[in-house]
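Data block below; observations after.
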Amino acid sequence: MAETLSSPLTKTLKIALIGNPNVGKTTIFNQLTGLNQKIGNYPGVTVDKKKGVMSYQGNSYDIIDLPGTYSLYPNSEDEVIVHRVLNQLSEVEKPDFVLMVIDSVQLSRGLFLATQLIDLGLNLAVVLNMSDLAEKSHLEIKTFELFKKLGVPILRTDARHQKGIDQIRELIHQQNFSNPGPFIEAKEFLDTNELSDVREFFQLDNDYRAYQLLRFGLKDRGLSEEKRTWILNKLESVNIDLEAAQLEETKIRYRKISSVIQQVLVKKETVDAEESKLDKVLLHPVWGYLIFGGILLMIFQAIFAWASVPMDLIDGFFADLSSWLTEALPEGPIADLLAEGVIPGIGGVVIFIPQIALLFGFLAILEDTGYMSRVVFLMDRWMRPFGLHGKSIVPLVSGVACAIPGVMAARNIGNWKEKMITIMVTPLMSCSARLPVYIILIGLVVPNEHILGFINLQALALLGLYLLGVIGVLATAYGLKTILKTDEKSFLMVELPTYRTPRWKDVLLTMYNKSLTFVTAAGKVILAISIILWILGTYGPPSTMDSIREDRDAKIALAETPEQMEEIEMEASSALLENSFIGIMGRAIEPVIQPLGYDWKIGIALIASFAAREVFVSTMATIYSIGGDPEDDATIRETLDRQINPVTGNKVFNKATAFSLMVFYVFAMQCMSTLAVVYRETKGWKWPLIQTVYMTSLAYIAAFITYQIFS
Amino acid sequence: MTADQLSVSNTATIETLQESPLKVNLMELGFLPGKKITLKHIAPGNGPMAFRLDETLLALRKEEAAIIQVKIV
């Protein structure tokens, strides 16, 4: 680090890493930069900007990992970024050099993008990766011949086995990149005279760049209004069929690449790779789905089993920290805010990390082995009638553990409409936070009996709730499909890559990066709402709150045994909550929730659990002054069971109310962390607001119907 | 015929690509006149089709495959 600090005036060189999907680009990025990575944002889009620092021989270099793409033609947000960075439209992200990674087995597809980069006039070097696979497929690439044809430096690597990484470092250090001049001339496929004013206005030094900008510039919402208007005007007057030009370019380019390939590629023999045997099973009409289901089951088992340990530890740690702060700090509102508002708020963010990290770990493994695209292949047919894409299966499945990583995973879907539908419906999948609510309520009203000798009624009820969530997902998706409009055409063109063992280091880095993104991006919103909810739940009209406290203190002074004192404390905290602002709100909404079978106490729990569903259980415990271990379901259940409605004389938690509540929780958007993530992914409050409104309405109507059926 | 009419394990040569907004996407993936493709799998329920093209396996929806005009070898 000392060296870089001593010469602050020399600019750090920026190297952009680019390549087709599944070529091992990220592995190379990880090996070059290690843990020196930073995830940022590109303005105007949700694409993560992955930047890392490579240190070599006392110098440091900024490496930018661009999203994988097949060409410079932008089809998705990811590819708009590639277009923007490589066309050097943004001064901040302008790379000095470009390192293009090509899969040795798929030379022609790689060269398609590589030659486009050459035509843009970028300073380029090419890495032929996966040389091991090429050998296995009996392919030999004559590297020197290829170098002569392209005119850019070429390296051979096998990043998975850490071969050739030092050569890449050396190449970057030597700045061994070159800009050999066009592979094909723009005038071969369009009339370049029409482009001279584009070149002039944008100060571009070649025709290909001008053509790219004219053809795709409007897709980049990051472009200034002035430039957009200029392009729009130009498009109206221009005398070129740009679409035809693009087709012509593609044809000419591939034709020229084929002739290059004939001279540099030696096929020793054609072998049909052995993975087709594995695909026979994994893509089988019956086995394929069964195996997918089995893998899902295993993943959820693992998440529930493994995440609960660190989650309990985090829970315990923040509880200890709160009580330590309460004792260490002088009594007062600041101490209360810290100990009961801020610290639990931070805890509420951190507690999600084990689930997010594990889920993304498993997803990374599935992705890395090549299995995930098989799942997309199998599921696409069944998702489409609902306006979803084969790729929507990943967010939806993740949603069963937690909607947050699910919503984050939706960004891989290229089509805007399909992505939005996926984001909007994923939180309807019953996540793990709903489980404690379900379990308490089912235990209350569904007998622990068996029908047909082996089917447990409680398990059946639980299954029913999960299925209800799935039905909600499909119905809502179908509804949104008819409402949302887009001009983009939906398509599925995915590579089913060769099966490989996962790269564990990359898996770990994904887990780390995704967790970090969640904490930094969504954490702020979650913390803010927790604090607001804490204030609303703690403070109320001072006169009533004070009198409750005075009353409590007076009673405690008279108490004789510790048990009595505890009981007084509990009654007081219940009374304080009832009279707090949240309590007042709970009473205020009582007329609205009465048709669902809820009283104002349940109303309080509904509002308090807006932050997170699992809060429902602990709020109920406070309202009904349940002593002992609030985590103990049995105590809570017994107390709830004893509650009698003073007006009707019946149980508060009868079948109708309990089922109505369960159904409410199936559909309601009671999770601000999800809202915060949706806000981040959609870049605004519009979609999270729509989501909250529609989910709450859905929950209300469904709960109303349920209550009417059972009462 | 078009590629969506092939049966599993048929190999065919691509003749032309029909006019479609997706034509250029197919071309950039390497579906070009003269190339050989082999249909390897069809997902259940008339789902996507997986073609081997050179050394890779590529999945397309049926209507995308219908853009590709082929001749069985």
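The values are calculated or read from the model by the stated rules, or taken from the named source; none is laboratory data. Nothing here was measured: the structure is a model prediction, and the numbers come from that model. A quick note on method: Cβ atoms are made from the backbone with ideal geometry, for glycine too, and the neighbour counts reach across all protein chains shown. We work out accessible area using only protein heavy atoms, side chains counted, and drop any ligands, DNA or RNA first. Shrake-Rupley method; radii C 1.70, N 1.55, O 1.52, S 1.80 Å.
Results, tabulated for the structure shown:
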| item | result |
| --- | --- |
| Hey, A:Arg160 in a helix (DSSP H, G or I), modelled with pLDDT of 90 or more and in contact with a helix residue (DSSP H, G or I) (Cβ under 8 Å, 6 or more places away or on another chain) or not | no |
| Checklist (1) part of a loop (DSSP other than H, G, I, E, B); (2) more than 27 Å from A:Asp103 (Cβ to Cβ); (3) not aliphatic (A, V, I, L, M) applied to A:Phe201, failing item | (1) |
| One residue from A:Val507, A:Val525, A:Val494 being within 14 Å of chain B (Cβ to nearest Cβ) and touching a residue at least 60 places away in the same chain (Cβ under 8 Å) | A:Val494 |
| Any hit, the stretch A:449-460, residues being in contact with a Phe, Trp or Tyr (Cβ under 8 Å, 6 or more places away or on another chain) and in a helix (DSSP H, G or I) | no |
| Residue count for the stretch B:45-70, restricted to those that are among the polar types (S, T, N, Q) and more than 7 Å from chain A (Cβ to nearest Cβ) | 1 |
| Pick from the stretch B:30-47, criterion within 10 Å of the chain's Cα centre (by Cα) and among the β-branched types (Val, Ile, Thr), ranking: farthest from A:Leu282 (Cα to Cα) | B:Ile37 |
| Selection within the stretch B:1-32 - touching a residue at least 24 places away in the same chain (Cβ under 8 Å), under 18 Å from A:Tyr254 (Cα atoms) and in a loop (DSSP other than H, G, I, E, B) | B:Gln18, B:Leu22, B:Gly30, B:Phe31 |
| Test: residue in the stretch B:56-66 that is open to solvent by 50 Å² or more (accessible area, probe 1.4 Å) and part of a strand (DSSP E or B) | no |
| Residue match in the stretch A:274-284 (condition: open to solvent by 80 Å² or more (accessible area, probe 1.4 Å), within 10 Å of chain B (Cβ to nearest Cβ), within 30 Å of B:Gly47 (Cα to Cα) and at pLDDT 85 or above) | yes |
| Verdict on A:Ile15 being within 18 Å of A:Asp103 (Cα to Cα), surrounded by 19 or more Cβ atoms within 10 Å (Cβ to Cβ) and modelled with pLDDT of 75 or more | no |
| Only one of A:Gly217, A:Gly222 that is outside any helix (DSSP H, G or I) and either open to solvent by less than 60 Å² (accessible area, probe 1.4 Å) or in contact (Cβ under 8 Å) with a residue 24 or more places away in the chain (or both) | A:Gly222 |
| Single unsatisfied condition, B:Met27 versus (1) at the interface with chain A (Cβ under 7 Å from one of its Cβ atoms); (2) more than 19 Å from A:Gly390 (Cα to Cα); (3) within 10 Å of the chain's Cα centre (by Cα); (4) not polar (S, T, N, Q) | (3) |
| The lone exception for A:Thr648 - which of (1) open to solvent by less than 60 Å² (accessible area, probe 1.4 Å); (2) at pLDDT below 90 it fails | (1) |
| 1 or more residues of a type in the set (Lys, Arg) and closer than 23 Å to A:Thr706 by Cα: qualifying helices (runs of 4 or more DSSP H) within the stretch A:552-629 | A:581-588, A:600-608 |
| Those helices (runs of 4 or more DSSP H) lying entirely in the stretch A:25-141 with at least 1 residues open to solvent by 10 Å² or more (accessible area, probe 1.4 Å), touching a Leu at 6+ places or on another chain (Cβ under 9 Å) and within 14 Å of chain B (Cβ to nearest Cβ) | A:77-86, A:107-120, A:131-136 |
| Selection count, the stretch B:33-44, where residues are surrounded by 21 or more Cβ atoms within 10 Å (Cβ to Cβ) and either more than 7 Å from chain A (Cβ to nearest Cβ) or not in a strand (DSSP E or B) (or both) | 4 |
| Selection from the stretch A:350-403 of residues that are open to solvent by 20 Å² or more (accessible area, probe 1.4 Å), in a helix (DSSP H, G or I) and among the β-branched types (Val, Ile, Thr) | A:Val350, A:Ile353, A:Ile365, A:Thr369, A:Val394, A:Val397 |
| Qualifying residue in the stretch A:109-125 (condition: at pLDDT below 85, small (Gly, Ala, Ser) and on the phi < 0 side of the Ramachandran plot) | no |
| Of all residues in the stretch A:285-306 being open to solvent by less than 100 Å² (accessible area, probe 1.4 Å) and farther than 21 Å from A:Val400 by Cα, the one that is farthest from the other protein chains (Cβ to nearest Cβ) | A:Val286 |
| A:Leu146 being over 29 Å from A:Leu223 (Cβ atoms), assigned to a helix (DSSP H, G or I) and within 14 Å of another protein chain (Cβ to nearest Cβ) | no |
| Residues within the stretch A:429-469 that are farther than 23 Å from A:Phe352 by Cβ and not aromatic (Phe, Trp, Tyr), tallied | 24 |
| Meets criteria (more than 9 Å from chain A (Cβ to nearest Cβ), open to solvent by 10 Å² or more (accessible area, probe 1.4 Å), under 11 Å from the mean Cα position of the chain (by Cα) and over 25 Å from A:Gln246 (Cα atoms)) for B:Gln5 | yes |
| Subset of the stretch A:647-704 [part of a helix (DSSP H, G or I), basic (Lys, Arg) and under 25 Å from A:Gly345 (Cα atoms)] | A:Arg680, A:Lys686 |
| Members of the stretch A:174-194 that are assigned to a helix (DSSP H, G or I) and in contact (Cβ under 8 Å) with a residue 40 or more places away in the chain | A:Ala186, A:Glu188, A:Glu194 |
| Any hit, the stretch A:323-342, residues being surrounded by 13 or more Cβ atoms within 10 Å (Cβ to Cβ), within 18 Å of A:Pro436 (Cβ to Cβ), under 26 Å from the mean Cα position of the chain (by Cα) and away from chain B (no Cβ under 14 Å) | no |
| Selection count, the stretch A:234-267, where residues are within 11 Å of chain B (Cβ to nearest Cβ), open to solvent by 40 Å² or more (accessible area, probe 1.4 Å) and closer than 20 Å to A:Ala114 by Cα | 5 |
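Every residue, every condition in (1) touching a helix residue (DSSP H, G or I) at 6+ places or on another chain (Cβ under 8 Å); (2) at pLDDT below 90, yes or no:
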site	(1), (2)
B:Gln5	no, no
B:Thr16	no, no
B:Val24	yes, yes
B:Leu29	yes, yes
B:Pro44	yes, no
B:Met49	yes, no
B:Leu57	yes, no
B:Arg61	yes, no
B:Ile67	yes, no
